[in-house]
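Below: one structure, written as structure tokens.
The values are calculated or read from the model by the stated rules, or taken from the named source; none is laboratory data. Just so we're clear, the structure is a prediction, and the values are computed from it rather than from any experiment. Here the Cβ positions follow ideal geometry from the backbone for every residue, glycine too, while neighbour counts run over all protein chains shown. In case anyone asks, the SASA skips ligands and DNA or RNA and just uses the protein heavy atoms, side chains included. Shrake-Rupley method; radii C 1.70, N 1.55, O 1.52, S 1.80 Å.
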Amino acid sequence: AAVGGPDLEVPAEARVVDLAGRTLMPGLIDCHAHVNAHSANLPGLADESPAYVALLAANEMRAMLHRGFTTVRDPGGADFGLHEAVAQGIVDGPRLYFGGKALSQTGGHGDGRPRGRSVRDDHQCCPDMSTVCDGVDEVRRAAREQLRTGAHHVKIMLSGGVASPTDRIDSTQFSLEEIRAIVEEAEAANRYVAGHAYTARAINRGLEAGVRSIEHGNLLDESSVELFLERDAFLVPTLVTYDRMAAEGAEHGLPEASLAKNPLVLDAGLKALDLAHRAGVNLCYGSDLLGGMRRHQLREFTIRGAVQPAADVIRSATVTAARLLGEDGRLGRIVPGALADMLVLDGDPLEDLAVLTDPEERLKMVVQGGAVKLDRL
């Protein structure tokens, strides 16, 4: 309602908290988190009970909130049910911006079938993270189906990925006509398209067709940077997931084929971040961690801190992330009229980003929408 100043009138019934010596900052926003992905074996999720997956997601969302993430964007897996559960206060968790099921071509990053299987069940209630569609008519219908459920964006697979069994990292996916059709459907609904892509070729195809945010982008180049700036598009690096998959992916269910692909993008990610940062690309915070590795969600701060000033890394998880979500002025800031998502920390993350990575010791209060969700003061 108000911020500071000698004329501030505090309501008589309000709780007054003296934060002397501590840091007050906006709640964090993770623009690439999969709340349903309780295992790194993503194809296996399709065979599990939706109720089981949802209950585990509720536990994970509560853990995310207690790490300081008051908002997350889930670009594949979360649906309107989880969104409503948080919005109605049935479970505690970050404010959830969901994309429903990501769109993948046959044999693309969202097609989890092994080579010997022909049948795939794309029923809405299967807790899979993707749906498979081919051709302009099919992709239009698939985009409309996700938008029909209230999705805040449409996620598409523009290139191969680590966690998929049959595609190459350097492949491009969907034809330009298919990508443009998906973008057209999203824009018709006043939504946008987020695109999974690694190589410059895949990134540039997406940006030229109107994709608003590129997820990962580890193998971008100068031509990609020019397009980001020209289109005022957003890049959402997710460096921590490759770091953790290399260290502990196998124990959390990452298949051998995915482990073999991970080094192709692991080392390139920091170089891509540095190139994009120096050019002034809109950068948003993302983690993309799977299974038990999600406990490292805050580690992305210190990884990025190797090439970015602390203030810029923090902006990626606050003001810039809010702009991608279309919530500038409501999220990511402490200003009158915003949604009062705030954190209290022991220490100053502008001086040391590691302050953000130790929530059990450093995170003293989480306020979401004006309500106290965690209080260690």
Handout entry: Residue identified as surrounded by fewer than 24 Cβ atoms within 10 Å (Cβ to Cβ), closer than 19 Å to Gly161 by Cα and at pLDDT below 95 among Gly116, Gly107
Key = Gly107
Fill in the blank from the handout: Within the range 63-101, the residues that are among the β-branched types (Val, Ile, Thr) and outside any loop (DSSP other than H, G, I, E, B) are Thr70, Thr71, Val72, Val86
Exercise for the section: Could you look through the range 5-41, keep only residues that are among the small types (Gly, Ala, Ser) and either closer than 30 Å to Gly253 by Cβ or open to solvent by less than 30 Å² (accessible area, probe 1.4 Å) (or both), and pick out the one that is nearest to the chain's Cα centre (by Cα)? Expected result: Ala33
Handout entry: Listing of helices (runs of 4 or more DSSP H) fully contained in the range 205-280 that carry 1 or more residues being more than 20 Å from Ile303 (Cβ to Cβ) and touching a Leu at 6+ places or on another chain (Cβ under 6 Å)
Key = 222-231
Completion exercise
Just one listed residue, out of Ala250, Ala260, Ala272, is among the aliphatic types (A, V, I, L, M), modelled with pLDDT of 90 or more and within 22 Å of Asp167 (Cβ to Cβ), and it is Ala272
Exercise for the section: Give just the number: which of (1) touching a Lys or Arg at 6+ places or on another chain (Cβ under 7 Å); (2) open to solvent by 20 Å² or more (accessible area, probe 1.4 Å) does Ala2 not satisfy? Expected result: (1)
Handout entry: Any hit, the range 325-342, residues being over 21 Å from Thr70 (Cα atoms) and either modelled with pLDDT of 95 or more or out of contact with any helix residue (DSSP H, G or I) (no Cβ under 6 Å at 6 or more places or on another chain) (or both)
Key = no
Handout entry: Verdict on Glu178 being over 22 Å from Val281 (Cα atoms), of a type in the set (Asp, Glu) and surrounded by fewer than 21 Cβ atoms within 10 Å (Cβ to Cβ)
Key = no
Handout entry: Failed condition for Glu300, given (1) in a helix (DSSP H, G or I); (2) open to solvent by 10 Å² or more (accessible area, probe 1.4 Å)
Key = (2)
Problem - Every residue from the range 59-95 that is open to solvent by 20 Å² or more (accessible area, probe 1.4 Å), touching a Ser or Thr at 6+ places or on another chain (Cβ under 8 Å) and within 20 Å of Met25 (Cβ to Cβ) - result: Arg95
Practice task
Please state which of the following conditions Ala209 fails to meet, knowing it meets all the rest: (1) among the aliphatic types (A, V, I, L, M); (2) under 20 Å from Gln105 (Cβ atoms); (3) at pLDDT below 95; (4) open to solvent by 10 Å² or more (accessible area, probe 1.4 Å).
Solution key: (3)
Fill in the blank from the handout: The residue from Val319, Val313, Val307, Val225 that alone is β-branched (Val, Ile, Thr) and over 26 Å from Thr23 (Cβ atoms) is Val225
Exercise for the section: Would you tally the residues in the range 35-60 being part of a loop (DSSP other than H, G, I, E, B) and over 15 Å from Val162 (Cα atoms)? Expected result: 7
Practice task
Using the structure shown, decide if Ala143 is in a helix (DSSP H, G or I), of a type in the set (A, V, I, L, M, F, W, C), in contact with a Phe, Trp or Tyr (Cβ under 9 Å, 6 or more places away or on another chain) and under 19 Å from Glu215 (Cβ atoms).
Solution key: no
Exercise for the section: Among residues belonging to the range 259-309 that are in contact (Cβ under 8 Å) with a residue 60 or more places away in the chain and of a type in the set (A, V, I, L, M, F, W, C), point out the one that is farthest from Ala57 (Cα to Cα). Expected result: Leu264
Exercise for the section: Among the residues of the range 250-293, write down those that are within 22 Å of Asp111 (Cα to Cα), crowded, with 24+ Cβ neighbours inside 10 Å and out of contact with any Lys or Arg (no Cβ under 9 Å at 6 or more places or on another chain). Expected result: Leu254, Asp288
